[in-house]
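Here the structure comes first, spelled out in structure tokens, and everything after it is commentary.
FYI, it's all coordinate maths here, none of it is from the lab. All figures in this text were calculated on a predicted structure; none of them were measured in a lab. Virtual Cβ from ideal backbone geometry, glycine too; neighbours counted across all protein chains shown.
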């Protein structure tokens, strides 16, 4: 298929491209939901949010760089009053838009207008095929909202919306139900990996798939891979055997990146942390400048050794897994992924490690009206300074 | 992934909604209609794509791009894949 290839594509991509293949752009940290696993710890709008004119300048630059599409998210991007304007502006400048939404603003009227627009993909976030499972992490009523939006889109004739699912231990046995739901609305199912990023750092232990579920997911993806999208996010599962369809590598700072609402550029959507901040497009001369000249990105594009994984016979399959998953669980970046399917993750997690403190948090300080209850099930940790000898004592209570 | 035989004797072109971004390894193709991305994995395959509009047949385009005869089947397979995802289309069809 590639008789005179320069280098295998994976290696070309690991060395980085002059422009990202695609990128994620979080337009706002404002959100009407408070999902317990939010990658960007969204809730409140940041007062430094890029203005409409600044956003247009970013789109102009993406057009010049031939970045064909952006994954727009947030927060809830449709909360921005200029959201629909920016959508039209991007499309007019040949920058396709895939935007993620919880669906709360996709009214029948809006759905009709979207159905009349080319170059726009809509991803409705849904983390359970039933209200019970979804609302547990996304908040009461969020299932009905999302399904209502799918209904509006289908009725308006919008074809091929995406149902975007973050895989957790609670929804992995619903994969067939998700497919049925997608079929009902003429939509495509998109599955992505739960990352311990943002508020996900606090909930990952409780939500991430169990080891035996990883195998089930892998087998399911091998069987249904041609019908579902994955954002190529499960490459760590490729160490089970045959590689999954798509790019099996970490694209952070090499072929993808993230622009946050204030113009900070991060290596990937799952790495909103100072450690992975490449620069700011306002302060550092524009997006192209940051993409091409940031020392962090140069470092990520340098040849990697594989570290502790180098001697593993599966390294060529999984390439060491997800950088963000390692970082936010306090594991070394050149060691195994916390969910390494060859079993190297659990011993690494059992060793002494320090989970990094968040470097930004836009969560609302006061519980939102529709806040999910997951966090309230846990108990606050005991302070290291607690002197009461019973401070840590928790009598068994039947649940 | 299609295994359909590719018609090397037909006249082909890039789909009008497809944009091309040349890269060291070849190119990225993006179809704004289907919102799908494809990778052109060799510079020569890109040269074939660039030769399509002026060539009477895909075979001529391959020749113009310098594809050696023994590699023609591999290029036909690559073109078949691109046709299956509507990245290229026959010139008679819109």
Protection proxy ranking of A:112-124, B:20-32 - average other beta-carbon atoms within 10 Å, highest first: B:20-32, A:112-124
For residues of B:42-49, the mean tally of beta carbons on other chains within 10 Å: 2
Residue-averaged beta-carbon neighbours from other chains (10 angstrom radius) around A:68-81: 1
Value at 222 nm in deg cm²/dmol, rounded to 500, when DSSP H runs of n ≥ 4 in chain A each add -39,500 (n - 2.57): -8500 deg cm²/dmol
Kirkwood-based shape ratio for segment A:1-145, expressed as Rg/Rh from alpha carbons: 1.04
Rg and Dmax of segment B:21-61, Cα atoms only, in Å: 11.1, 29
Estimated [θ] at 222 nm from DSSP helical runs (n ≥ 4, -39500 (n - 2.57)) normalised by residues in chain B, nearest 500: -9000 deg cm²/dmol
Relative compactness, segment A:143-186, computed as alpha-carbon Rg over 2.2 N^0.38 Å: 1.19
Likely footprinting exposure, A:76, A:63, fewest C-beta neighbours within 10 Å first: A:63, A:76
Over chain A, relative contact order from alpha-carbon pairs under 8 Å, at least 6 apart, %: 20
Hull volume in cubic angstrom per residue (convex hull over the Cα atoms of chain A): 164
Convex hull (Cα only) mean projected area of segment A:86-163, reported in nm² to one decimal: 4.9
Relative contact order, percent, chain B [alpha-carbon distance under 8 Å, six or more residues apart]: 38
Span from the segment A:334-368 Cα centroid across to the segment A:232-294 one, whole angstrom: 18
Per-residue average of Cβ from other chains inside 10 Å of B:30-40: 4
Over chain B, equivalent-ellipsoid semi-axes from the Cα gyration tensor in Å: 18, 15, 13
Centre separation in Å (Cα based) which lies between segment B:47-61 and segment A:115-190: 43
Compactness of segment A:199-357 - radius of gyration and Dmax, Cα, Å: 16.3, 48
Relative counts (whole %) of C-alpha pair distances in segment A:314-354, using bins that are 10 Å wide: 35, 57, 8
